[in-house]
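Step one of this worksheet: look at the structure below.
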């Protein structure tokens, strides 16, 4: 599998142009709700934004539905756990030595998308994210992560 960064940005830009107002509202809601709840909702809302993006990319008109942002709350505890596991591991990696943190940020770039798309478990999603990263090319994903 070859990662086409140009295509990623092209499709993302197309979705953004068609939905810019809703996406700005979604982003603001995401940040406010995550901060007000002391990051408790960060995982479920991240999965919700992943669902919103995946659904928009699959629709012919590339339209987003703001309700998708709350569409993963049925997996609440697993998503909260996945967020805090990744947050703690990445933070420790960044504090101890920047390289391990950047490595973890790269290999764990996709677990929320995988969990949403494949209805997999938390640790399975983390593992598949790592596999996907190495299949697509670690450095390609690293560049995508930095640009994101």
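Every read-out reported here was derived from the displayed coordinates using simple, explicitly stated rules and does not represent laboratory data. Keep in mind it's a predicted model, so treat the numbers as computed, not measured.
Quote the convex hull volume per residue of the stretch 108-148, based on C-alpha atoms, as a whole number of Å³.
Details: hull volume 2.3 nm³, N = 41.
In the stretch 108-148, the Cα convex hull volume per residue is 56 Å³.
Hey, what number do you get for the chain at 222 nm if only DSSP H runs of n ≥ 4 count, each worth -39500 (n - 2.57), divided across all residues, to the nearest 500?
Estimated from H runs of four or more residues: -25500 deg cm²/dmol.
In a GNM of the chain with a 10 Å cut-off on Cα contacts, which of 80, 32, 116 has the highest mean-square fluctuation?
Largest GNM mean-square fluctuation: 32.
For a distance above 26 Å, tell me the whole-number percent of Cα pairs in the stretch 5-147 that qualify.
For the stretch 5-147, the share of Cα pairs beyond 26 Å comes to 25 percent.
What whole number of Å gives the distance from the Cα centroid of the stretch 49-106 to the Cα centroid of the stretch 126-145?
15
Treating only the Cα positions of the stretch 61-135 as identical point scatterers, give the base-10 log of I(q)/I(0) from the Debye formula at each q in 0.13, 0.16, 0.26, 0.27 Å⁻¹.
Log10 of I(q)/I(0), two decimals: -0.44, -0.64, -1.16, -1.19.
For the chain, what relative contact order do you get, as a whole percent, if you take Cα pairs closer than 8 Å and at least 6 residues apart?
Normalised by residue count, the contact order of the chain is 23 percent.
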